[in-house]
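Single-structure report; data block below.
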Amino acid sequence: MMQRKSVGGLALGIAIAALSFVDGPGFALAQGQQAGTQEQLDRIEQKLDTLIERLGSAGQQSSNGNDSQPATGNDGARKQVSAEGDTSQGYQRGALAIARVAPAKKDSLPEIPADSVGSFVYIGGAIPLNELSRNGVLYTGLTSVELQGWLKIAEPGRTQLAVEYRATTGSNVFTNPGCIASLWLEDRSIGSQHGEIPMPAREQKSVSFVFGADLQPGLYKLRAWLACTEPRDLRVLNAQLLIKTPVDMNLRMIDSGELLHQGS
């Protein structure tokens, strides 16, 4: 719109200048030569028409050029937000838990066996490592669990994940079992810790490992390795994944909606 006003203003200025030239003293002295003067005015008018037409075409091309500019960064951001809003589609609640035979020695705790004895969907809560038949795993010995899935983060800031082991044994136990917890987010380790559960555990005893990461809202590929060696006279050995988000005051049991896996 501003360019069109400029074109009209320029044309008006040229017309006024031309009229001033024609309307000057020289014109008063040449009244007898009207034919020549009219011819001169016609030529001036033709030139003005041509000039106005050219300036108008240039303004139109400039306007069209502005309309064809590429999309702004805000347009791209809206597409990205729209795509992120659909990130949960195609996923199901819970993480895939792959049961593997528990290591026999503490030195073998960091090693993840290649073979598994079963699998199930973990939706939070205690995992009975000594009795996974409750989860459909047909293996009677002590197991370890590898969790695979996606962690859903809703709030920006520091998120803490913890693994807690709770054991109960008979009284005839003198060697402390070793336990390990290793966590990865987006295939990057956020920590690996190991410790021992004090024995005997006639009353339930526990050991916990805590990890943390600064995260933005979204889905993060999660992998966790939970394993303990087997003590004598074992009654119960549970593993549990806990979480503390930026809005939580304390660690709590992770919710099934915060763990996702890709369904078939």
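When THR175, THR159 are screened for being farther than 27 Å from PRO217 by Cβ and touching a residue at least 40 places away in the same chain (Cβ under 8 Å), only THR175 passes.
For the range 177-193, enumerate the residues that are open to solvent by less than 50 Å² (accessible area, probe 1.4 Å) and over 22 Å from the mean Cα position of the chain (by Cα). Passing the criteria: PRO177, GLY178, CYS179, ILE180, ALA181, SER182. Filtered by the rule that a residue be in a loop (DSSP other than H, G, I, E, B), under 13 Å from ILE197 (Cβ atoms) and modelled with pLDDT of 95 or more, the range 143-184 gives ASN176, PRO177. Residue-level check: of (1) at pLDDT 95 or above; (2) under 20 Å from GLN240 (Cβ atoms); (3) not hydroxyl-bearing (Ser, Thr, Tyr), GLU203 misses just (1). Residues that are under 15 Å from LYS106 (Cβ atoms) and polar (S, T, N, Q) within the range 206-241 comprise just one, THR229. Screening GLN262 on (1) closer than 30 Å to ASP107 by Cβ; (2) open to solvent by 40 Å² or more (accessible area, probe 1.4 Å); (3) not hydrophobic (A, V, I, L, M, F, W, C) shows it passes everything except condition (1).
Among the residues making up the range 162-174, those that are in contact with a strand residue (DSSP E or B) (Cβ under 9 Å, 6 or more places away or on another chain) and either among the hydrophobic types (A, V, I, L, M, F, W, C) or open to solvent by 70 Å² or more (accessible area, probe 1.4 Å) (or both) are ALA162, VAL163, ARG166, ALA167, VAL173. Among the conditions (1) of a type in the set (Gly, Ala, Ser); (2) open to solvent by 80 Å² or more (accessible area, probe 1.4 Å); (3) modelled with pLDDT of 60 or more, SER68 misses just one, which is (3).
Scanning the range 138-147 for residues that are open to solvent by less than 70 Å² (accessible area, probe 1.4 Å) and either within 28 Å of GLN262 (Cα to Cα) or among the charged types (D, E, K, R) (or both) yields LEU142, THR143, SER144, VAL145, GLU146, LEU147.
Against the condition open to solvent by 20 Å² or more (accessible area, probe 1.4 Å) and in a loop (DSSP other than H, G, I, E, B), how does ARG202 come out, does it pass? It is true that ARG202 is open to solvent by 20 Å² or more (accessible area, probe 1.4 Å) and in a loop (DSSP other than H, G, I, E, B). LYS244 satisfies every condition listed in (1) under 22 Å from TYR122 (Cα atoms); (2) open to solvent by 70 Å² or more (accessible area, probe 1.4 Å); (3) not β-branched (Val, Ile, Thr) except (2).
The values are calculated or read from the model by the stated rules, or taken from the named source; none is laboratory data. Only a predicted model underlies this, so the values are computations on that prediction, with no experimental measurement involved. When we count neighbours, we look across all protein chains shown, and the Cβ atoms used for this are built from the backbone with ideal geometry, even at glycine. Accessible surface areas use protein heavy atoms only, side chains included; no ligands, DNA or RNA. Shrake-Rupley method; radii C 1.70, N 1.55, O 1.52, S 1.80 Å.
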